[in-house]
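The structure appears below as structure tokens.
The values are calculated or read from the model by the stated rules, or taken from the named source; none is laboratory data. Quick caveat, the model's predicted, so the values are computed rather than measured. For neighbour counting, all protein chains shown are included, and Cβ atoms are generated from backbone atoms with ideal geometry for every residue, glycine included. We work out accessible area using only protein heavy atoms, side chains counted, and drop any ligands, DNA or RNA first. Shrake-Rupley method; radii C 1.70, N 1.55, O 1.52, S 1.80 Å.
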Amino acid sequence: MTELLYPVPAQAKQNSHLTPELYEEMYQESINDPDTFWQKQSSILNWAHQPTKIKNTSYDKNNVDIRWFEDGELNVSYNCIDRHLKTQAQQTAIIWEGDDPSKDKHISYQELHDQVCQLANGLKKLGVSKGDRVAIYMPMVAEAAYAMLACARIGAVHSIIFAGFSPNAIADRINNCEAKVLITADEGRRGGKTVPLKSNVDQALTGNRCKTIERTIVLRNTGSDINWHSQDVCWQELIQDCTSICEPEIMQAEDPLFILYTSGSTGVPKGVVHTSGGYLVYAAMTHKYVFDYQPNEIYWCAADVGWITGHSYMVYGPLANGATTLLFEGIPNYPDINRVAQIVDKHQVNILYTAPTVIRSLMAHGTKPIQDTERTSLRQLGSVGEPINPEAWHWYYEVMGNKNCTIVDTWWQTETGGIMMTPLPSVTELKPGAASKPFFGIQPALLNQDGEELSDEAEGNLVIKASWPGQARTIYADHSRFIDTYFSAYENVYFTGDGCRRDQDDYYWITGRVDDVLNVSGHRLGTAEIESCLVAHPAIAEAAVVGFPHDIKGQGIYVFVTPIDGQVTNSELTKQINTWVRQEISPIATPDLIQWTQALPKTRSGKIMRRILRKIAANEHEQLGDISTLAEPSSVQTLIAGRLNKA
Ligand code: WTA
């Protein structure tokens, strides 16, 4: 693994918020005296009532209880919009860049305010009030951000469902959080195609499947023909007679802001709950320091609003800081392979934050992805969602960034609310592929299987020793699952589910998940979720899903299935299974490889030995380890012989 060091470039030090000395001083204070540190940092927001109680957190597994700024009161949409109006009402808050390169829009803070207030009033008209849950299933249009902020304005809790999810996945999420209203659009646009959002919603709600939904707000986006039902209301008509004045609801710091579903190693996706005060302090602070954001810069986080990165770094963090944030409707290679670079030039983007999978898929085309573009506006690059391999890092640095930009490789999770470990532009010497150093308040530690803390250079399971304001507070309606998942494996620490290595310079390197969670193109997927979808297919008896190394996606999905009638079966059925998973979960969960087998390797007690399947899928069957505990060791040879390596 390369550990080449890149010094902090001179230009990164100019005007920066931090110096290495200041980082060190602030970091020490954040660990030694978190109350004082976070009280000071809370002033990044405007509070209706300034918090005086700062940190009140317990990781004791009998009583996990996490509160930050608990007597503080604020409104998140006020902080993201209203407080900027005095000085920057006409500044662009959101640049919307369409899938079609000839379409874009600049939305000023004033306009954002008016749109958000109108929709907030519309929601009130439909009977939505503080604490109600609102599901959002929207394409990448500015209205998705309006919907989030309108909920925040009236104290409703939003739950965004990624627009790539299928009807069943939509229904499950709505039912879990008992959403009262659903906000969607007729269709979305992506890569020159349309996405039938309303039709998916109709299927999700069919037969009274989601009993809690009273109304569905439908944005007319493409204007195509859709079915209208009695509970549907057109967004544009709803807000027509709504004023653009809506007093923000004053919320307690610990009132929930949103629920976001994410995959775990077992069972159905979990509704991760983030609250108002701590989340926004942390999102705003990390956005300011990690990107060293300066006033008037154009900042582009190329994430989808349906994932946590879209929440924290496309909407909440940047808007809380009064930034100009770019929201891109389309995909990185449409209509041209150099679309990302074209957008950078067109809008003079200064900061670009994207995922390694995007970089890898561009890099496969050599220098074409930057053809005819300059990218001289870029000052800072960021990477998120999965480990970035050094080759991709170098391409990002040299080709996309013209060797002019530092790269922040930011490690964090849906549950952490914001960035946890990262280089800082004016502080950290860069090692390609390292998440580097903890952010303020973050105390990482590496534990071995017995829960012993490892010192110095070491590799182990990554845990965090103390709470930080952006941390998730619970899993919606299932606090015991929250405790089981994150606070039970080890005592008194938050368990991340990631493996990690610390090198001789105290740099941290994320090595990937140590549980049964896959990371496919930066999308987080639970193997259990895909398996239960597979065994629901009438032709499948048993299924085991594992990840395998994939050049572009980082990890691919390798499926082992046994047929119900004992017949190892044909490619037609394999195609059907593919379609089945796409329909039941999402195209992002589509298997890359499906291997039919008569038997899966099991222990004598009947447990599938995934360790062995992982090795077979990765083509590392020389290192299978001990297979003597298997009920039928011979099944392994058959599996190896039938291994697939091309889709
Ligand atoms: C992985 C995305 C290496 C990690 C923000 C984590 C990373 C999971 C990085 C969370 C990174 C995220 N380097 N791995 N810079 N960033 N991960 O919840 O395995 O969608 O646990 O949050 O992505 O995925 P999630």
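Looking across Asn461, Asn448, one residue alone is open to solvent by 20 Å² or more (accessible area, probe 1.4 Å) and either within 12 Å of the ligand (Cβ to nearest atom) or in contact with a Gly (Cβ under 7 Å, 6 or more places away or on another chain) (or both). It is Asn448. For region 392-424, taking the residues that are hydroxyl-bearing (Ser, Thr, Tyr) and surrounded by 23 or more Cβ atoms within 10 Å (Cβ to Cβ), the one that is farthest from the ligand (Cβ to nearest atom) is identified as Thr406. Residues that are more than 20 Å from His84 (Cα to Cα): find the helices (runs of 4 or more DSSP H) completely inside region 108-180 holding 3 or more of those. Hits in region 108-180: 109-125, 167-177. Filter region 486-529 down to the residues that are modelled with pLDDT of 95 or more and in a helix (DSSP H, G or I), then identify the one that is surrounded by the most Cβ atoms within 10 Å (Cβ to Cβ). Here the residue is Tyr486.
Does Asp626 count as over 28 Å from the mean Cα position of the chain (by Cα) and either surrounded by fewer than 20 Cβ atoms within 10 Å (Cβ to Cβ) or under 28 Å from Gln203 (Cα atoms) (or both)?
Taking the combined requirement at face value, the residue satisfies it.
Scanning region 161-196 for residues that are among the aliphatic types (A, V, I, L, M) and open to solvent by 10 Å² or more (accessible area, probe 1.4 Å) returns Ala163, Val195. Per the conditions (1) open to solvent by less than 10 Å² (accessible area, probe 1.4 Å); (2) more than 16 Å from the ligand (Cβ to nearest atom), the sole criterion not satisfied by Tyr282 is (2). Which of the residues that make up region 247-273 are of a type outside the set (Ser, Thr, Tyr), more than 23 Å from Cys117 (Cβ to Cβ) and assigned to a strand (DSSP E or B)? Hits for region 247-273 are Ile259, Leu260, Lys270, Gly271, Val272, Val273. The residues of region 505-529 that are among the hydrophobic types (A, V, I, L, M, F, W, C) and under 18 Å from the mean Cα position of the chain (by Cα), listed by number, are Ile510, Val517, Leu518, Val520, Leu525.
When region 337-391 is examined, which residues are found to be part of a loop (DSSP other than H, G, I, E, B), of a type in the set (Gly, Ala, Ser) and more than 16 Å from the ligand (Cβ to nearest atom)? Steps first, please.
Let us first name the residues in region 337-391 that are part of a loop (DSSP other than H, G, I, E, B), namely 337-338, 348-350, 355, 364-367, 371-379, 385-389.
Filter again for of a type in the set (Gly, Ala, Ser), leaving 355, 364, 366, 377, 385.
Passing the criteria: Ala364, Gly366, Ser377.
Screening region 504-528 for residues that are charged (D, E, K, R) and near the ligand (Cβ under 7 Å from one of its atoms) and picking the one that is nearest to Val358 (Cα to Cα) gives Arg524.
Screening Phe440 with (1) closer than 30 Å to Asn350 by Cβ; (2) within 16 Å of the ligand (Cβ to nearest atom) gives one miss only, at (2).
Which strands (runs of 3 or more DSSP E) does region 26-99 wholly contain that include 1 or more residues that are free of Cβ contacts under 8 Å to residues at least 40 places away in the same chain, in contact with a Lys or Arg (Cβ under 8 Å, 6 or more places away or on another chain) and open to solvent by 40 Å² or more (accessible area, probe 1.4 Å)? I'd like the intermediate steps shown before the answer.
Numbers: elements: 55-58, 65-68, 92-97.
Filter on region 26-99 gives 55-58.
Give me a count of the residues in region 8-18 that are over 19 Å from His287 (Cβ atoms), open to solvent by 60 Å² or more (accessible area, probe 1.4 Å) and either of a type in the set (Lys, Arg) or part of a loop (DSSP other than H, G, I, E, B) (or both). First the steps, then the outcome.
Quick first cut of region 8-18, residues over 19 Å from His287 (Cβ atoms) only: 8-11, 13-14.
If we keep only those that are open to solvent by 60 Å² or more (accessible area, probe 1.4 Å) too, we end up with 10-11, 13-14.
Checking which are either of a type in the set (Lys, Arg) or part of a loop (DSSP other than H, G, I, E, B) (or both) leaves us with 13-14.
The total comes to 2.
Would you check which residues across region 302-336 are assigned to a loop (DSSP other than H, G, I, E, B) and away from the ligand (no atom under 16 Å from the Cβ) and list them? Once the filter is applied, which keeps residues that are assigned to a loop (DSSP other than H, G, I, E, B) and away from the ligand (no atom under 16 Å from the Cβ), region 302-336 yields Asn321, Gly322, Ala323, Glu329, Gly330, Ile331, Pro332, Asn333, Tyr334, Pro335, Asp336. Condition test on Pro432, is it buried (at least 23 other Cβ atoms within 10 Å of the Cβ), touching a residue at least 12 places away in the same chain (Cβ under 8 Å) and in contact with a Phe, Trp or Tyr (Cβ under 8 Å, 6 or more places away or on another chain)? Against the criterion (buried (at least 23 other Cβ atoms within 10 Å of the Cβ), touching a residue at least 12 places away in the same chain (Cβ under 8 Å) and in contact with a Phe, Trp or Tyr (Cβ under 8 Å, 6 or more places away or on another chain)), Pro432 does not qualify. Just to be sure before I move on: is Tyr279 more than 26 Å from Leu381 (Cβ to Cβ) and aromatic (Phe, Trp, Tyr) in the structure I sent? No; evaluated as a whole, the condition is false for this residue.
The condition (being without any contact (Cβ under 8 Å) to a residue 24 or more places away in the chain and among the small types (Gly, Ala, Ser)) is satisfied by just one residue among Gly330, Gly382, Gly366: Gly366.
Would you check if Tyr476 is aromatic (Phe, Trp, Tyr), without any contact (Cβ under 8 Å) to a residue 40 or more places away in the chain and within 16 Å of the ligand (Cβ to nearest atom)? It would help to see each step written out before you state the result.
Details: aromatic (Phe, Trp, Tyr): yes; without any contact (Cβ under 8 Å) to a residue 40 or more places away in the chain: no; within 16 Å of the ligand (Cβ to nearest atom): yes.
Here the answer is no, as Tyr476 does not meet what is asked.
Taking Gln555 as the residue in question, decide whether it is open to solvent by 50 Å² or more (accessible area, probe 1.4 Å), of a type in the set (S, T, N, Q) and touching a Phe, Trp or Tyr at 6+ places or on another chain (Cβ under 9 Å).
Working: open to solvent by 50 Å² or more (accessible area, probe 1.4 Å): yes; of a type in the set (S, T, N, Q): yes; touching a Phe, Trp or Tyr at 6+ places or on another chain (Cβ under 9 Å): yes.
Judged against the criteria, Gln555 is a match.
Restricting to region 482-502, and then to whatever is free of Cβ contacts under 8 Å to residues at least 40 places away in the same chain and among the hydrophobic types (A, V, I, L, M, F, W, C), can you tell me which residue is nearest to Gly441 (Cα to Cα)? Taking the candidates together, the pick is Phe495.
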